[in-house]
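The values are calculated or read from the model by the stated rules, or taken from the named source; none is laboratory data. The shown structure was predicted, so the numbers you read here are calculated from the model rather than taken from an experiment. Neighbour counts run over all protein chains shown; Cβ positions are idealised from the backbone, glycine included. Surface accessibility is based on the protein's heavy atoms, side chains included, excluding ligands, DNA and RNA. Shrake-Rupley method; radii C 1.70, N 1.55, O 1.52, S 1.80 Å.
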Amino acid sequence: MTVKELAADVAIVGGGLGGISAALAAARLGARVVLAEELDWLGGQLTAQGVPPDEHPWIEALAASQSYADFRQAIRAYYRKNLPLTDEARSRVRLNPGLGNVSTLCHEPWVAAKVIDELLAPFVAAGRLTVLRRHRTVKAETHADTVRAVHLLNLDSGNEVVLNARVFVDATEIGDLLDMAGVEHVFGAEAQSETNELHALPQADPFDQQAITWCLAADYLPGEDHTIDKPRDYERLKTLQLECWPGPQFSWTLSDFVTHEPRVRPLFAGPTDAESLYDLWHARRIAFRRNFVPGSYASDITLANWPQMDYWEKPVVGVPPEAQAQALQAARELSLAFFYWMQTDAPRHDGGHGYPGLRLRGDVLGTADGLAKQAYYREGRRIRAEFTVLEQHIGVAARPGADAAEPFDDSVGIGAYRIDLHPSTRGRNTVDIDSFPFQIPLGALLPVRVENLLPACKNLGTTRITNGAYREHATEWSIGEAAGTLAAFALARRQPLRAVRAHAESLRDFQRTLEQQGVLLAWPRFGALTPTRRVGYQFAGDMGCAGSPARRPG
């Protein structure tokens, strides 16, 4: 085994959306950046995990940053340039390739992966960015309150790469670098006595963690039989049930995320190629066949990230590697078992049982087995930060009498999403509650002790409760953009990272730098507007009133 050393101003470990936006931001400001990712695809939850964008309903008119808006438009441009859209679809300004319910831009993961590569290409060509794919982080070197180096294993050659940098950014999916570098952090659930949050648990429990999901893609070819082999543990899994749910997990009747009352949502509520229906098929549909020239797509393609696939039997964060591997394998088996159930035993909308015409589509996910490259993680390790975002800062019920989220003078971005927690590994039901559109405080990006490491995704200073709002795509992008900008800004000024927040003049200069890059630091206020339904959620306002809580339809 050979050892290679690389030096950079900023080393980013993890190639999810936060890592990508951090790399772009730092490189734009002239920093030399190395971005390392364990997988062959960049993009994290949007690509490798197969989750179409979960975004606030004002995203088309009010993206949190210009760079995120540019990313979205680049995806549309890729479809217009490279794929056989109909003239009608091509002419739509707000082209939605899949017409899924969760977003105005439901699209195939492989397209986003290619667009990300195109966004990074100019900085790679200029020598300011080095991208290392299929490099696994194995250890970190530290001294006192600094990270000195990060060691990577090249999964193809078996050789080692040592990253030396002035600033390190943890953009891993579950905060792996935090653990390796000894950065103070928390995972799982905090105690109410610590946070005073309305929905916190009476006692802290690090292994009370949200379910993960191993997503899959499928199309539907009626009259054909694409039934997969029966999964080994199918008989047990088809009767698996949370005690707080109305029946088995493999069912069209589940616990409503908000009310916890039984709620029916079938696979098909009508024609499979309808533009919009409230069913599972249309929820995250990533390719709408009628958007493309006839013959181009044999069927619509949907992305399955559904409650029936939530794996809650064992935690995956903070457990030994062997236990984590077993849990991840079990999550894969659960998803395949549910797919087999849909093909064979599921009640059909038109009578009978089973949809054997369902076909796994691993090609849109870059895999041979139909499953995503990586599990969808809803939470991981979170830094102990200079400032921690609590439920009482953003939650509607936790802010009685308020008409907006808590304002933060050190804001470095904005986001909006419900506080959305899936069933937990302790068998707890969902927490799905209203939240106000919020800001991202700089204090939540600064570890309490370590001087040269920043979080770039859902590993910032939130609680398990508020993480449920800060974890979605657009907000992760904004967190990463703030981290990358901060790293380059502080290095250029030869300032410690935390000094930027500690000194009012430096903070104002940094916030001006973000604004010059097209980052919004506060939500515009347009006054109270009539609530409207958007993308499966109900919000007050169209363009975005700062006092408009994010709500699900009742």
Item to complete: Kindly provide the set of residues from segment 207-220 that are over 21 Å from the mean Cα position of the chain (by Cα) and open to solvent by 10 Å² or more (accessible area, probe 1.4 Å), ordered by number.
Response: Tyr220
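Select from segment 287-296 the residues that are in a loop (DSSP other than H, G, I, E, B), open to solvent by 30 Å² or more (accessible area, probe 1.4 Å) and in contact (Cβ under 8 Å) with a residue 60 or more places away in the chain and list them in ascending order.
Going residue by residue through segment 287-296, those that are in a loop (DSSP other than H, G, I, E, B) are 288, 293-296.
Remaining after also requiring open to solvent by 30 Å² or more (accessible area, probe 1.4 Å): 293-296.
Those that are in a loop (DSSP other than H, G, I, E, B), open to solvent by 30 Å² or more (accessible area, probe 1.4 Å) and in contact (Cβ under 8 Å) with a residue 60 or more places away in the chain: Val293, Ser296.
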Item to complete: Determine the pairs where a residue that is under 28 Å from Leu46 (Cα atoms), located within segment 1-21, has a partner that is aromatic (Phe, Trp, Tyr) and open to solvent by less than 10 Å² (accessible area, probe 1.4 Å) with Cβ atoms under 6 Å apart, the partner being 6 or more residues away or on another chain.
Response: Ala11/Phe168; Leu17/Trp477; Ser21/Trp477
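Select from segment 129-145 the residues that are within 18 Å of Leu497 (Cα to Cα) and exposed (fewer than 15 other Cβ atoms within 10 Å of the Cβ) and list them in ascending order.
Let us first name the residues in segment 129-145 that are within 18 Å of Leu497 (Cα to Cα), namely 142-145.
If the condition is that a residue be within 18 Å of Leu497 (Cα to Cα) and exposed (fewer than 15 other Cβ atoms within 10 Å of the Cβ), then His143, Ala144, Asp145 are the ones that fit.
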Worksheet item: What about Pro97, is it touching a Cys at 6+ places or on another chain (Cβ under 7 Å), within 30 Å of Arg332 (Cβ to Cβ) and either of a type outside the set (Ser, Thr, Tyr) or assigned to a helix (DSSP H, G or I) (or both)?
Response: yes
Worksheet item: Within segment 380-407, can you find the residues that are touching a Gly at 6+ places or on another chain (Cβ under 8 Å), open to solvent by 10 Å² or more (accessible area, probe 1.4 Å) and either closer than 30 Å to Gly182 by Cβ or part of a strand (DSSP E or B) (or both)?
Response: Arg381, Arg384, Ala385, Glu386, Phe387, Thr388
Worksheet item: Residues Glu451, Glu481: which one is modelled with pLDDT of 95 or more and in a helix (DSSP H, G or I)?
Response: Glu481
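Considering every residue within segment 250-257, establish whether at least one is open to solvent by 80 Å² or more (accessible area, probe 1.4 Å) and not hydroxyl-bearing (Ser, Thr, Tyr).
First pass over segment 250-257, keeping only residues open to solvent by 80 Å² or more (accessible area, probe 1.4 Å): none.
Within segment 250-257, none of the residues are open to solvent by 80 Å² or more (accessible area, probe 1.4 Å) and not hydroxyl-bearing (Ser, Thr, Tyr).
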Worksheet item: Could we say that Asp233 is within 26 Å of Thr430 (Cα to Cα), over 26 Å from the mean Cα position of the chain (by Cα), of a type outside the set (S, T, N, Q) and open to solvent by less than 50 Å² (accessible area, probe 1.4 Å) here?
Response: yes
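Just checking, which of Ala31, Ala48, Ala25, Ala74 is of a type in the set (Gly, Ala, Ser) and surrounded by fewer than 23 Cβ atoms within 10 Å (Cβ to Cβ)? Break it down into steps so the answer makes sense when it comes.
Details: Ala31 fails: surrounded by fewer than 23 Cβ atoms within 10 Å (Cβ to Cβ); Ala48 fails: surrounded by fewer than 23 Cβ atoms within 10 Å (Cβ to Cβ); Ala25 fails: surrounded by fewer than 23 Cβ atoms within 10 Å (Cβ to Cβ).
From the options Ala31, Ala48, Ala25, Ala74, the qualifying one is Ala74.
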Practice prompt. Could you run through segment 437-451 and say how many residues are touching a Pro at 6+ places or on another chain (Cβ under 8 Å) and surrounded by fewer than 24 Cβ atoms within 10 Å (Cβ to Cβ)?
Written response: 1
Worksheet item: Can you pull out the residues in segment 308-326 that are assigned to a helix (DSSP H, G or I) and surrounded by 22 or more Cβ atoms within 10 Å (Cβ to Cβ)?
Response: Gln308, Met309
Worksheet entry | Conditions (1) open to solvent by less than 10 Å² (accessible area, probe 1.4 Å); (2) more than 30 Å from Leu198 (Cα to Cα); number of the one not met by Gly518 | (1)
Response to the item:
So, first residue among the hydroxyl-bearing types (Ser, Thr, Tyr) in segment 187-207, second residue outside any loop (DSSP other than H, G, I, E, B) and open to solvent by 30 Å² or more (accessible area, probe 1.4 Å), Cβ within less than 9 Å, six or more apart or across chains; the pairs are Thr195/Gln392
Discussion item. Which condition from (1) closer than 27 Å to Lys458 by Cβ; (2) touching a residue at least 60 places away in the same chain (Cβ under 8 Å) is the one that Glu322 breaks?
Written reply: (2)
Discussion item. Could you check segment 411-430 and list, in sequence order, the residues that are open to solvent by 30 Å² or more (accessible area, probe 1.4 Å) and either closer than 30 Å to Arg148 by Cβ or assigned to a strand (DSSP E or B) (or both)?
Written reply: none
Worksheet item: From the residues in segment 156-196 that are crowded, with 16+ Cβ neighbours inside 10 Å and of a type in the set (Ser, Thr, Tyr), which one is farthest from Arg428 (Cα to Cα)?
Response: Thr172
Worksheet item: Which of the residues that make up segment 330-344 are closer than 23 Å to Glu313 by Cα and either free of Cβ contacts under 8 Å to residues at least 60 places away in the same chain or open to solvent by 10 Å² or more (accessible area, probe 1.4 Å) (or both)?
Response: Ala330, Arg332, Glu333, Leu336, Tyr340, Trp341
Worksheet item: Would you pick out the residues in segment 258-269 that are open to solvent by 20 Å² or more (accessible area, probe 1.4 Å) and not hydroxyl-bearing (Ser, Thr, Tyr)?
Response: Val258, His260, Glu261, Pro262, Arg263, Val264, Arg265, Pro266, Ala269
